[in-house]
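Some notes on the structure that comes next.
Nothing in this text is a laboratory measurement; each read-out follows from the coordinates by a stated rule. Just so it is clear, the structure is predicted and the values come from calculations on it, not from any experiment. Neighbour counts run over all protein chains shown; Cβ positions are idealised from the backbone, glycine included.
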């Protein structure tokens, strides 16, 4: 089942960084591929694919799906193989404040997460939105179900629980900025996601990209991803960081 999920999410990404759901285009797609390879005495492979597709399924509605895949291997030993699928349905995106519903699916090899799902909804506030730049703040609430492969945690109160369920609140901040007549593009996506039931169960993520246009629809990209989980399997580190380089291909 896990291999099927990987295939579907990765396949959708190669058909398609970050898009503004308030744009007037009916359909948009974007693909970002970054990575690192080293051979010889120390063999290292780092690969990350991220894709976004947005379209209007009905009047005043925009569906946006963002899928990412991360793989890391050191000395031919797999260190990471993770997926993250973020799916949003927005309503009346031309307004300053508009509602949304969301559904997420993710896995994490290193953190022993077999499958995590979240479903919820909330509102987005457009702080800035013009042709070249935007910044948006969203507040949502979700119900989360996480299935772990192991049951010993860094917080003993959760020991023995293979499945952990909780309600969460999330603060999102994302933006895009163009500099020097579109010769440099800065994007960022971040969120803070505490449990509404347990103060010791929270996470956050920051994803920053710098793009340098090469030709139309093709950019060189530097990407930095940093994640933190307060609740992890015993003896695991709570924080991970990724720095990768590659290209972004867009349809617009």
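Between the beta carbons of residue 180 and residue 123, assuming R0 = 35 Å, the FRET efficiency works out to 0.55 to the nearest 0.05.
Inter-label distance, residue 91 to residue 26: 2.3 nm, where each label sits 7 Å from its Cα along the C-beta direction. Note on residue 45 and residue 200: with the Förster distance fixed at 45 Å, the Cβ-Cβ geometry gives a FRET efficiency of about 0.80. Shown here: the stretch 59-174, whose C-alpha atoms stretch 46, 35, 24 Å along the first, second and third principal axes, sorted largest to smallest.
When the alpha-carbon atoms of the stretch 2-250 are used, the pair Rg, Dmax equals 18.4, 57 angstrom. Do the sum for the chain: with -39,500 (n - 2.57) for every DSSP H run of n ≥ 4, divided by all residues, what is the mean residue ellipticity at 222 nm, to the nearest 500 deg cm²/dmol? Here the helix-only value at 222 nm equals -2000 deg cm²/dmol.
A simple packing score, the average count of other Cβ atoms within 10 Å per residue, orders the peptides 54-65, 115-126 as 115-126, 54-65, with the highest score first.
Hydrodynamic radius of the stretch 169-252 by the Kirkwood approach over all distinct alpha-carbon pairs: 14.8 Å.
Taking 0.36 nm per residue of separation and subtracting the current Cα-Cα distance, fully stretching the chain between residue 239 and residue 131 would add 35.3 nm. Using label points projected 7 Å from each Cα along Cα→Cβ, tell me how many nm separate residue 63 and residue 150, to one decimal. Between residue 63 and residue 150, the label points sit 3.9 nm apart.
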